[in-house]
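**Q** Would you mind keeping the following structure in view while I ask a few things?
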């Protein structure tokens, strides 16, 4: 992510929460703004997941999924969302809020096309059960990240290293095809993205102090929604390794 996306506890200025001796009206205004900011992030994130689910379901039910499950188009559909994530993360300074919003919705559609292939592997019932289990876990973890007084910033580097390790292990197992490693990656993946859900929620809450009332406020909402969306989807996919019932 760009540097502005990292919370700096020592920075003060516009939007900084009133101190202990601040007036009650100022604190109430800050709290109301924070709630609106976080609600906007959750609304974008939930809408993106809903759009992805609808596209995935329609693609699978129409049979179009078979045409994107193999061949060069498979790689285009799989890698396009990743390209958009990198573009949004590292190009936030150059893009307008409207452009970032359009990229987010385009990303959600492409993710729907990519995820439609899970309907070829798992039963629809097990996918639905896993989705609702993920939603419940995400809600609890995000609530804890929002309300806890424990500083989770120290876990950030550890969790990012965990994501990198998961990518390396997944690429390795693509070649080894080890069932044991497959489930080990799934278990570690669930734990890593569960931690990232709580960590990102607290990070986004703290970030409000830096972006409130600035030109970055709208961008922060979209990028925050993208972060939580990725936490949700990845936790869902790793859980699906255990909860998904094969069509075979």
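Taken together, the values in this text are just the output of simple stated rules run on the coordinates, not laboratory data. Predicted model only: the values in this text are computed from it and were never measured. Cβ sites come from the backbone with ideal geometry, for glycine too, and all protein chains shown count toward neighbours.
**Q** What do you get when you divide the Cα radius of gyration of region 135-226 by 2.2 N^0.38 Å, with N the number of residues?
**A** The reported ratio for this selection is 1.31.
**Q** Additional query: Could you work out the relative contact order of the chain? I mean the mean sequence separation of Cα pairs under 8 Å and 6+ apart, divided by the number of residues, in percent.
**A** For the chain, the relative contact order is 35 percent.
**Q** How would region 72-163 be classified by its alpha-carbon gyration tensor: rounded, prolate or oblate, with rounded meaning a/c under 1.5 and the a/b versus b/c comparison settling the rest?
**A** It is oblate, given that a/c is not under 1.5 and a/b is not larger than b/c.
**Q** Based on the alpha carbons, how large is the Rg to Rh ratio for region 23-243 when Rh follows Kirkwood?
**A** Here the Rg-to-Rh quotient is 0.98.
**Q** Let me ask something else about it. Determine the calculated [θ] at 222 nm for the chain from helices alone, applying -39500 (n - 2.57) to every DSSP H run no shorter than 4 residues and normalising by the residue count; nearest 500 deg cm²/dmol.
**A** Dividing the helical sum by the residues of the chain leaves -26500 deg cm²/dmol.
**Q** Mind pulling the angle between the C-alpha long axis of helix 124-147 and the longest principal axis of the chain? Nearest 10 degrees, somewhere in 0 to 90.
**A** Roughly 20 degrees, rounded to the nearest 10.
**Q** Shifting gears a bit: Where does helix 97-115 land angle-wise versus the long Cα axis of the chain, in degrees 0 to 90, nearest 10?
**A** Here the helix axis deviates by roughly 30 degrees.
**Q** Let me ask something additional. Between helix 179-211 and the chain, what is the angle of the helix's C-alpha long axis to the longest principal axis, kept within 0 to 90° and rounded to the nearest 10?
**A** Helix 179-211 sits at roughly 20 degrees to that axis.
**Q** Then there's this: Hey, if you drop one equal point scatterer on each alpha-carbon of region 19-65 and run the Debye formula without solvent, what base-10 log of I(q)/I(0) do you get at q = 0.19, 0.22, 0.30 Å⁻¹?
**A** So the normalised log intensities work out to -0.69, -0.77, -0.96.
**Q** Can you give me the relative contact order of region 124-248 as a percent, contacts being Cα pairs under 8 Å and 6 or more apart?
**A** With pairs under 8 Å counted, the relative contact order is 44 percent.
**Q** At q = 0.19, 0.20, 0.26 Å⁻¹, what base-10 log of I(q)/I(0) does the Debye formula yield for region 130-183 when every alpha carbon is treated as an equal point scatterer in vacuo?
**A** For the requested q values the scattering log ratios are -0.89, -0.91, -0.96.
**Q** Let me ask another. Order the peptides 57-66, 189-198, 205-214 from the highest to the lowest mean number of other Cβ atoms within 10 Å of their residues.
**A** 189-198, 205-214, 57-66
**Q** Tell me, rounded to the nearest percent, the portion of alpha carbon pairs in region 29-131 spaced more than 25 Å apart.
**A** Cα-Cα pairs in region 29-131 separated by more than 25 Å: 32 percent.
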